[in-house]
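The values are calculated or read from the model by the stated rules, or taken from the named source; none is laboratory data. Just so it is clear, the model here is predicted, and its values are computed rather than measured. Ideal geometry is used to build each Cβ from the backbone, glycine not excepted, and the neighbour counts take in all protein chains shown. Quick note on the areas: whole protein, heavy atoms, side chains included, nothing else; ligands and nucleic acids left out. Shrake-Rupley method; radii C 1.70, N 1.55, O 1.52, S 1.80 Å.
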Amino acid sequence: MSILIRFGIKVKSWLYTIHLKRKENVIIKGKISLDRYSDIFVVGKAKLSIGSIYMNSYSTITARYDVSIGSNVMFGENVHLYDHNHIFNKDGSPFTSQGY
């Protein structure tokens, strides 16, 4: 994983995708194991701190603000972790244009 943090902003394979906008805001303290079709997104100035984790198939972590995950954590299949939600209470405005 250290190679990804030092040299890559976006890493994509047929197995997983890692998107980092600001790599200096990502702290990895242990081993990360990603199964197929797992994604990690760190958006804008968000902060992500991870111990050692295993992410099973089709799992996602999306950080828009601040996500911290300890060590020895296992994600089951189809687990999605977000630190934000959509705004959806503006009358007359399409859901997709209301922001986060």
Exercise. Which value, in Å² and to the nearest 10, is the accessible area of D39 when all protein chains are kept and the probe is 1.4 Å?
Worked result: 40
Exercise. Dipole size in debye (nearest 20) for region 32-100 around its Cα centre, Lys and Arg Cβ +1, Asp and Glu Cβ -1?
Worked result: 200
Exercise. Accessible area, 1.4 Å probe, largest first: how do F41, F88, F75 sort?
Worked result: F88, F41, F75
Exercise. How much accessible surface does V79 have with a 1.4 Å probe, in Å² rounded to 10?
Worked result: 50
For this session: Any chance you could run the full-extension gain for M74 through S93? It's 0.36 nm times the residue separation minus the Cα-Cα distance, nm to one decimal.
Result: 3.0 nm
Exercise. Hey, rough spin-label estimate for L81 and Y100, points 7 angstrom out along Cα→Cβ, what's it come to in nanometres?
Worked result: 1.6
